[in-house]
Amino acid sequence: MKMERTLSIIKPNAALDNNIGNIVKRFEGENLRIAAMKLTVLSKEKAEGFYIEHKERPFFGELVSFMTSGPVVLIVLEGENAVEKNREIMGATNPAEAAENTLRKLYAKSIGENAVHGSDSLASADREINYFFDKNEVFSRF
Ligand code: GDP
């Protein structure tokens, strides 16, 4: 198995519902190590840049407005098969379709306010980690 890094974001609904600890505990319990983490509030520009690939989608404005509506926790997760493992732990985008015990089943309110983000490929993970973190802020063990 390959050691990988991926980006997770605890979105404003989960942060405001006091589920930061529950989500971090789940990652650690699944052998995904926290290599970097910060709680912040995204500016409109930063959120738009992050979701640039969705710019033409009808929900883009709603997505940016939600992601800037409260605190987010930006997390670099490190572990074996981290990208896919995090996607499995998160569950489907729409919580109505998410499997039992996934983070979105447990903590999402709707398809928009869906509790967590997770990179969808190694290439996205690399881009997304570099978008939010300087190299010296990430502690890697491999
Ligand atoms: P993900 O990789 O599972 O996060 O899903 P996508 O890359 O398809 O979408 C990115 C994010 O856009 C999702 O996590 C949702 O927060 C948001 N999103 C996706 N579809 C919708 C929608 O139909 N309505 C709204 N409001 N937000 C959506």
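All of the numbers you see were taken from the coordinates with simple rules; none came from a lab. Worth saying up front: this structure is predicted, and the values here are computed from it rather than measured. Here the Cβ positions follow ideal geometry from the backbone for every residue, glycine too, while neighbour counts run over all protein chains shown.
Annotations for the structure displayed:
- Percent of C-alpha pairs per 5 Å bin in region 3-79, short distances first: 3, 16, 23, 21, 18, 13, 6, 0.
- P(r) tail fraction, the chain - alpha-carbon pairs more than 28 Å apart, %: 10
- At least 15 Å along the helix axis (C-alpha) and Kyte average at least -0.5, DSSP helices within the chain: 122-132
- Choice from 36, 96, 82 showing the highest fluctuation, given a GNM over the chain with Cα pairs closer than 10 Å: 96
- The packing ranking of peptides 114-125, 55-66, 3-14, highest mean first, is 3-14, 114-125, 55-66, where packing means the average number of other beta carbon atoms within 10 angstrom of each residue.
- Region 63-129: radius of gyration over Cα atoms, expressed as a fraction of 2.2 N^0.38 Å: 1.12
- Mean-square fluctuations from a GNM of the chain, with a 10 angstrom spring cutoff on Cα atoms, peak among 87, 104, 26 at 26.
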